[in-house]
Amino acid sequence: MITIALTGGGTAGHISPLLAVAEQLGGSARCVVIGTLGGREDELVPQSVPIIYRIPKLPFPRKINGAALAFPLRWVKAFLAVRRALKQAAVDVVVGFGGYTAAPAYLAAWSLRIPLVIHEANAIPGLANRLGARLTHWVGVCFPGTPLPHAEVVGMPLRRQVLTLDRLALGTQARKHFGLRPGTPVLLVTGGSSGARTINETLDRVTGDIVAKGWQVLHLRGPGHDAPDAPPTGVVQVAYTNRMDLALAAADLVISRAGANTVAELGVVGLPAIFVPYHVGNGEQEHNAAFAVSAGAALQVSTPEFTAEWVRSVLLPLLDDRERIASMAAAMEQTANRDGAEIVARWALQAGARRKDDS
């Protein structure tokens, strides 16, 4: 049986597509994980997929300081340790999803002539995948125009729970789960698993106006983000939910960040969106949202511009325009690519089979 090592940057954004590919592979290969020390693998990766090594976080130094001087030695140690782990586990293929800690795994695989399969979730690739894409011709991306060599648009690898989500069939159950009324449209607000202070604070000022438009609000605030003591009737405040599938099924419109997973999931379930990108790194979230915006499936507003005044002047009129929201939902569905996990898994099996044949 082919052994496939999966690796990413230790965040949910990297681990989610990793798990989708592992799920797609099922019993057709033995899957192991090269994890991140202090990352979220222990929380998110099931015990059925063993973690064979944890790479210390190795952010590329942006300025000359003590960390920059120590970086080369730390990087070489990580590279050698991963190389040993790949040999001990008899890995046939490495599938990487980016993040700083993926780079040592990519070079370790290349040094052992283990084939690489790369997936880049964001429209603007990170440093690790820019390196990895030069070492293989198996490169999948989510968005057209992603600047990587050999890139093929395959979409985001997504779990079956999302791919098979039927919003219409689950709508009544989903609204009951969150204590929402069945016949009133729902605006879902989320800043991701950690929440977003600016989004929360702005919405707190305008939820009364949104409810007055005949809408309900399901507000996923994020852990540790305090909620108002007495929100208006029709506003449900939740710190965190492990049933994001039901949150999506309950919603008719979403306000959210523009992480690649979020953008892909909204496309698959056909939910129109107001994207408030988190400006981090190389600005990838702005670029992630651009494809849906250009398709007429979403609006985009920067975090500084996402104010109560913007909500009242742009969002509230949209809430009155049910025909436009329906058109945006149809356009969002057209942006979806459902085959990401299947394609990446197929590439991994093909690369592993070729290596077995050559050995």
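The values are calculated or read from the model by the stated rules, or taken from the named source; none is laboratory data. Keep in mind that this is a model prediction, so the values were computed, not measured. All Cβ positions, even for glycine, are placed from backbone atoms using ideal geometry, and neighbour counts span all protein chains on display. Protein only, heavy atoms only, side chains kept; ligands, DNA and RNA dropped before computing areas. Shrake-Rupley method; radii C 1.70, N 1.55, O 1.52, S 1.80 Å.
Go through segment 280-311 and count every residue that is hydroxyl-bearing (Ser, Thr, Tyr) and closer than 14 Å to residue 267 by Cα.
Residues meeting the conditions: 1.
Limited to segment 141-173, what total is found for residues that are touching a residue at least 40 places away in the same chain (Cβ under 8 Å) and within 15 Å of the chain's Cα centre (by Cα)?
So the answer is 12.
Give segment 274-286 a look and list any residue that's part of a loop (DSSP other than H, G, I, E, B), in contact (Cβ under 8 Å) with a residue 40 or more places away in the chain and touching a helix residue (DSSP H, G or I) at 6+ places or on another chain (Cβ under 7 Å), or say none.
Residues satisfying the conditions are 276, 278.
Return the total of residues in segment 335-348 being outside any loop (DSSP other than H, G, I, E, B) and either without any contact (Cβ under 8 Å) to a residue 40 or more places away in the chain or surrounded by 19 or more Cβ atoms within 10 Å (Cβ to Cβ) (or both).
The total comes to 8.
Could you run through segment 75-95 and say how many residues are in contact with a Phe, Trp or Tyr (Cβ under 6 Å, 6 or more places away or on another chain) and closer than 21 Å to residue 140 by Cα?
0
Read through the list (1) open to solvent by 20 Å² or more (accessible area, probe 1.4 Å); (2) outside any helix (DSSP H, G or I), then give the number of the only condition that residue 271 fails.
The number of the failed condition is (1).
Please work out if residue 63 is part of a loop (DSSP other than H, G, I, E, B) and either touching a residue at least 60 places away in the same chain (Cβ under 8 Å) or within 16 Å of residue 8 (Cα to Cα) (or both).
The answer is no for residue 63.
Here's the yes/no breakdown for (1) surrounded by 14 or more Cβ atoms within 10 Å (Cβ to Cβ); (2) assigned to a loop (DSSP other than H, G, I, E, B); (3) in contact with a Phe, Trp or Tyr (Cβ under 8 Å, 6 or more places away or on another chain):
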{"position": "288", "(1), (2), (3)": "yes, no, yes"}
{"position": "296", "(1), (2), (3)": "yes, yes, no"}
{"position": "309", "(1), (2), (3)": "no, no, no"}
{"position": "312", "(1), (2), (3)": "yes, no, no"}
{"position": "315", "(1), (2), (3)": "yes, no, no"}
{"position": "319", "(1), (2), (3)": "yes, no, yes"}
{"position": "328", "(1), (2), (3)": "yes, no, no"}
{"position": "331", "(1), (2), (3)": "yes, no, no"}
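Of (1) at pLDDT below 95; (2) buried (at least 20 other Cβ atoms within 10 Å of the Cβ), residue 253 satisfies all except one. Which?
(1)
Just checking, how many residues over segment 349-359 are touching a residue at least 40 places away in the same chain (Cβ under 8 Å) and open to solvent by 60 Å² or more (accessible area, probe 1.4 Å)?
3
Does residue 55 fit the bill of being among the aliphatic types (A, V, I, L, M), closer than 27 Å to residue 160 by Cβ, open to solvent by less than 10 Å² (accessible area, probe 1.4 Å) and assigned by the TED database to the domain that holds residue 342?
No: the conditions fail for residue 55.
With the requirement that a residue be buried (at least 24 other Cβ atoms within 10 Å of the Cβ) and either closer than 17 Å to residue 159 by Cβ or touching a His at 6+ places or on another chain (Cβ under 8 Å) (or both), what does segment 274-286 give you?
The answer is 285, and nothing else.
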